[in-house]
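Read-outs: derived from the displayed coordinates by stated rules, not from any lab. Note that this is a predicted model, so its numbers are computed, not measured. Reconstructed Cβ throughout: ideal geometry from the backbone, glycine too, with neighbour counts over all protein chains shown.
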Amino acid sequence: MLVILTLGLLPLGVVAILTSIHSARENSAERARQTLARLDDKAERLNELLARTAGTIRAANAAVVAAPPNSQICEVALRRLGTLQAIPGRYALYRTDGQPSCASAGFAPSAARVADPGSDLAIGADGQALRLVLYDDFGRIEGIAEFSRAALRDLTFIPGTSADFDLELLGGGRRMLLRNDYRAVPFVQALSDLAPIGDEGFQLRIRLGAAPVRAVDVLLILLPVLMWLAAALIGWIIVNRLLLQPLGRIQRVVSLYKPGDRPLDLPSLRSPAKEIGELGQAFDQVTRTMARHEADLEAAVERQKRLVREVHHRVKNNLQVVASLLNLHSRGSPNEEVAAAYASIQRRVDALAVVHRNHYAELEENRGVALKSLVSELAANLRASAPAQAAGMQIRLDIAPFHVTQDTAVSVAFLVTEIVEFGMLCGASAVSIVLEAAEDAGAARLTIEADSLVDGFDCDPALAERFDRIVIGLARQLRSALDRDPEHGRYAVRLAVIDRAEA
């Protein structure tokens, strides 16, 4: 929405901004002209002062020359000179012979008695006074007027205006600083200009600040941006209140819904968009459909579990029946070799039955087959079915609590059965079975030690050869290399176990 508003208002905004900038520049130029116009007023005051001073001195000097001796015209002329000027000054009048006729108290200036006709304007060496010397048409000195820097400072200040400007009088290679109050500030443009003073090449220079852009100009420039922001804000409030908030409420209800819960309890939606209400109804219908499908799936899973339990139960019972029949045939056979063959087959069938029984016991939790209970039960069955010559053989167990898959459990059961039976038939005194954790995670080590596994032990070679082939094949089924130690009569294999977190 912001992109659409931006693209829609961009042409108008650009035109408005350019117009505002052009207007601001024109206003800035006009304010600069108005600011510099103050210089003309100050220069006009100085020029008027000099012109009036020159006229008054010439009139007073003529009156003094025409007056009779010992008259009070000199004091009257000086007093008149002081009252007719805008600022106070000091004056001196001269006779035609170049001698001073009268002067202000304590004022005894030195000047050339003869020069070019007209006036001579000069700034004092210390820059603290401005002196005006008048000469008549014959080049004779008529009078001198001197104004202090402080008086000229007051004269050039216009009441009611700001005093933050620099003002100086330049001429004759000298300068008189009348004001030094300008201070540069950020965002204010410094302006400077010159105005002529008198006819002697003097100039009055001013330096002051004028804001190039006022707050009103900035507001006009930013007005299109503010309009865009206002439009975006209003649009966001409308969309958020009428669209996003109702959708957010629906989203929270849907995200908290779990299969098996009661149907969705949709909140009341206050939105003119009927599609939002229809969306909520669609979610409600979907959850009801999901609930029905979930119930059907749960029923199907339950039926599958019962079927799997029944299959395992029947397989276990069938294996136990076969093992019992083999046991009966073994006991009832008059031939000892046939009985031993029956017993050997019965032990392997019984091993499978033990695996199925343990797998069926762990089926509900799906943790795999527990090797501890499997090997313990298998060892008990092997003791029970041991031949008479192996009745005294011991089976020692040290089994850690590990779980394995059914395929691994079958191979382990057959491996234990083969090695224990080999020990029984070869006259071993004891068989030790140890299951412990391996070095790497997710593995265990099964170690079986027996006297019959030691090199040189007296046993039937044909039986030993068949035993080796079977044990090596079972190790391959376990996908592990068979670690043989003939010196101590020890076999070891590595088993992949089920991690408890995975189980």
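Tabulated data
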item	result
Proxy reagent accessibility, fewest Cβ within 10 Å first, across 225, 64	225, 64
Percent RCO, i.e. relative contact order, over the chain, from Cα pairs under 8 Å lying at least 6 residues apart	9
Pairwise centroid distance, computed over Cα atoms, of the range 422-437 with the range 142-201, Å	121
0 to 90° range, to nearest 10: angle between helix 461-477 axis and the chain longest Cα axis	30
Per-residue HN-Hα couplings for the range 350-356 [Karplus 6.51, -1.76, 1.60; θ = phi - 60°; Hz; x = Gly/Pro]	5, 4, 5, 4, 5, 4, 5
Per DSSP, loop GluC sites (Glu not before Pro) in the range 450-503 with at most 14 further Cβ within 10 Å	487, 502
Derived scalar couplings ³J(HN,Hα) [the range 396-411; Karplus, 6.51 cos²θ - 1.76 cosθ + 1.60; whole Hz; x for Gly, Pro]	9, 10, 9, 10, 7, x, 10, 10, 9, 6, 5, 4, 5, 5, 4, 5
Highest-first arrangement of 345-356, 383-394, where packing means the average Cβ count within 10 Å	345-356, 383-394
Ranked list, fewest to most other Cβ atoms within 10 Å of each Cβ, for 42, 316	316, 42
